[in-house]
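The values are calculated or read from the model by the stated rules, or taken from the named source; none is laboratory data. Since this is a predicted model, take the numbers as computed values, not measurements. Cβ coordinates were reconstructed from backbone atoms using ideal geometry, including for glycine residues, and neighbour counts include every protein chain displayed.
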Amino acid sequence: MPSDSYSRELAVYRRLAEHGVVKVLSHNVPQIVDADDSLLVLEMTIVQPPFLLDFGGADLDYRVDFPPEIIEEWHEEKREEFGANWPAVQRVLAKMESMGIYIRDIHPGNIKFGDEDD
């Protein structure tokens with residue numbers, strides 16, 4: 001039985017493929033090449049920054065409902081992590097949400113802008 005994380009990530013990559021997505025705004029998105037449910041392995045292309053990846057914590061077609069204080073705390077944490085790039089991250093997330101993909105696990109390692117944000 002596939003893990004929840006594997007199943008979610010595979011479903012997101014399939015959704016992205018259905019929409020023909022290779023970039024979200026200026027961020028490269030890996031393309032799924034193959035998947036093996038018995039090994040819980042996804043094979044995907046390699047991308048260079050700027051990129052968007054790691055969808056194991058994403059949800060399709062619904063947003064998890066958190067209390068307002070948790071949401072505000074999360075936003076503050078992400079504003080600090082991304083600094084001046086936070087507005088661009090919000091635009092990337094909004095674009096993903098327009099496809100029914102809700103990403104919760106974001107950090108500068110999986111939404112990368114380039115060498116300047118190392």
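Things worth noting here:
- Qualifying position, being surrounded by 10 or more Cβ atoms within 10 Å (Cβ to Cβ) and modelled with pLDDT of 95 or more, among 55, 66, 51: 51
- Residue match in segment 11-24 (condition: of a type in the set (Ser, Thr, Tyr), surrounded by 11 or more Cβ atoms within 10 Å (Cβ to Cβ) and assigned to a helix (DSSP H, G or I)): yes
- Within segment 60-90, the set of residues being farther than 16 Å from residue 110 by Cα and either touching a residue at least 12 places away in the same chain (Cβ under 8 Å) or within 15 Å of the chain's Cα centre (by Cα) (or both) comprises 60, 61, 62, 63, 64.
- Qualifying residue in segment 40-57 (condition: of a type in the set (A, V, I, L, M), in contact with a strand residue (DSSP E or B) (Cβ under 6 Å, 6 or more places away or on another chain), over 17 Å from residue 8 (Cα atoms) and in a loop (DSSP other than H, G, I, E, B)): yes
- Residue selected from segment 69-118 under the condition among the β-branched types (Val, Ile, Thr), closer than 20 Å to residue 13 by Cα and not in a loop (DSSP other than H, G, I, E, B), by the criterion modelled with the lowest pLDDT: 103
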